[in-house]
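J.: One structure, pasted below without further comment.
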Amino acid sequence: MFTSRIIRLATLGCAALLWQGAVAAGELLTLTFKEAQAKHARLVDVRSSNFYQGWPMEGESQGGHVKGAVNLSGDWKIDDDQWPRILAEKDLAKDKPVALYGDKRQVAEVALMLEKQHGFTQLYELSDWQSAPRERLARWQQLVYPQWLEALRKGEKVVAAPKGEWKLFEVGWGAPKAFLIGHIPGAGYIDTNRLESEPLWNKVSDQDLEKLLLENGIRHDTTVILYGRNTMAAARAAHFMLYAGVKDVRLLDGGFDAWTNQYVRMLPTETGLPTRYEPAKGFGVTLPQHPEYLTDVPGAKKILAERDGALVSVRSWPEFTGETSGYSYIEPKGDIKGAKWGHAGVDANDMSDYHNPDGTMKDAALLLTMWQQWGITPDKQTAFYCGTGWRASEAFFYAWLMDWQRISVFDGGWYEWSMDAKNPVVSGERKPQ
């Protein structure tokens, strides 16, 4: 029995070989969903985030996670300094009951980490998770994952398949240098310089946006799948396409890093030039179909004046408090007076507050909690902004995935707002109103 235990745990990594406790998946005590509720156990989904968000596993009729569960995948690489924050935001405490569910290997791995490295003493396995009540992201189909995309690319039958023609694009800033060295096979390339223009890096004219879409064979009824080396760039394109009226816009969760992740084996890349799709003769509907998805300076001021308005700064805390502007080309520091802080990351190029350790989207419930602390709720007229629009577009896309109805991106953001000395600004530490 001891030998079989060592063999079974050998797949969990070197740390497992040093441990001889009793949290191997087959040795955890089990709880039913009702028993877990009675114990007030924290439910933990150890599967990859795509299944947690809503994609069904093979053989399932419905995907998503057990109601109330948080996601802590056994495939995530979590540094020691990340653990305290992750445990705190997921409300996991070592002296409180935790019920894990999912793949047996991942259950064993996560249980091992929680007991051996973090002192958890009440660990269980949820026995009936596959029949327990589920919940999922409202637009889970729009947040695709690598294995699904590869199956689609190979012509296999997939869940939530595009209804018609589909096209794949990598989105990045400038010439496709990294793209030429390696990209997802069959991908086209969209340069963000064709989506936004100097001096403010706001959206190009509707005419130029439509021209770009038609050049790439994109109509309103084309399914467009986007990814980036930086998810913010892909989200920027996704926002503008939704604004234009493309009905089915999808984002590869985690971007190109997810495609090349060590846990996603045998997914191919290719070198060379981008795929050139046949141009479309017409968009099919009048562009834009969703002008409400874009807000300008007067619109931002109107939202600030509304009792149910929320102008949301998706900037780092040092930017929000005025320690730095965040950009070499933006001189003024501070933020918009009356704005709410929507979190972001450590600097202007980071959105880690929104991401799991592998770069995928965090649990929607965690994002909602993060926003609610600053009075950012689904019922409000909400406009996200950052320095010039990239981070705000990613926050917008996640809110759109949650089916928030009154959302937009304040395109000019801090850059445009700060250029007019008459616009009210504020600096320094502050708390939610």
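J.: If we restrict to alpha carbons, what Rg and Dmax does the stretch 250-346 come to, in Å?
T.: So, for the stretch 250-346, Rg and Dmax equal 20.4, 53 Å respectively.
J.: Under 17 Å from the Cα of residue 203, which lysines turn up, not counting those fewer than eight places away in the same chain?
T.: Within reach: 211.
J.: Net charge near residue 41: determine it from the other residues with C-beta under 9 Å of the C-beta of residue 41, scoring Lys and Arg +1 and Asp and Glu -1.
T.: So the environment of residue 41 carries a net charge of +2.
J.: Roughly how many Å² is the accessible area per residue of the chain, as a whole number, for a 1.4 Å probe?
T.: 45 Å²
J.: Which trypsin sites (Lys or Arg not before Pro) in the stretch 114-184 pass both tests, a DSSP loop state and at most 12 other beta-carbon atoms within 10 Å?
T.: Taking the stretch 114-184 and a limit of 12 other Cβ atoms within 10 Å, the loop trypsin sites (Lys or Arg not before Pro) found are 154, 157, 163.
J.: Okay, moving on. Please identify the longest segment of the chain free of exposed GluC sites (Glu not before Pro), where exposed means a DSSP state other than H, G, I, E or B and no more than 16 other Cβ atoms within 10 Å.
T.: Maximal segment without exposed cleavage sites: 166-305.
J.: In the neighborhood of residue 207, defined by Cβ-to-Cβ distances under 13 Å, what is the net charge if each Lys or Arg adds +1 and each Asp or Glu adds -1?
T.: After counting each charged neighbour, the total is -1.
J.: Just round it to a whole percent: the fraction of Cα-Cα distances in the stretch 215-298 exceeding 20 Å.
T.: 46 percent
J.: Only sites in a loop by DSSP and with at most 16 other Cβ atoms within 10 Å count here; which trypsin sites (Lys or Arg not before Pro) in the stretch 257-314 make the cut?
T.: The qualifying sites are 265, 276, 281, 307.
J.: In whole percent, what relative contact order does the stretch 168-261 give with Cα contacts below 8 Å and a gap of six or more residues?
T.: 31 percent
J.: Let me ask you something else. Specify which residue in the list 164, 309, 82 is farthest towards the positive end of the charge dipole of the chain, using unit charges on the beta carbon of Lys, Arg (+1) and Asp, Glu (-1), about the Cα centre.
T.: Result: 164.
J.: Please report the antiparallel percentage of the DSSP beta bridges confined to the chain, to the nearest 5.
T.: 15 percent
J.: On a 0 to 90 degree scale, rounded to 10, what angle separates helix 206-215 from the longest Cα axis of the chain?
T.: Result, in degrees: 60.
J.: Using a 1.4 Å probe over the heavy atoms of the protein chains, calculate the carbon and sulfur portion of the accessible area of the chain as a whole percent.
T.: It is 51 percent, rounded to a whole number.
J.: What are the radius of gyration and Dmax of the chain, computed over its Cα atoms and given in Å?
T.: Rg then Dmax for the chain, in Å: 22.8, 75.
J.: Could you grab the relative contact order for the stretch 350-433? Cα pairs under 8 Å, six or more apart, rounded to a whole percent.
T.: 26 percent
J.: Continuing with the same structure: Mind jotting down the distance between the C-alpha centroids of the stretch 355-433 and the stretch 35-55, whole Å?
T.: About 27 Å separates the Cα centre of the stretch 35-55 from the one of the stretch 355-433.
The values are calculated or read from the model by the stated rules, or taken from the named source; none is laboratory data. Please read all numbers here as calculations on a predicted model, not as lab measurements. All Cβ positions, glycine included, derive from the backbone under ideal geometry; neighbour counts span all protein chains shown. When the accessible area is computed, the model is the full protein with side chains, heavy atoms only, and any ligands, DNA or RNA have been set aside. Shrake-Rupley method; radii C 1.70, N 1.55, O 1.52, S 1.80 Å.
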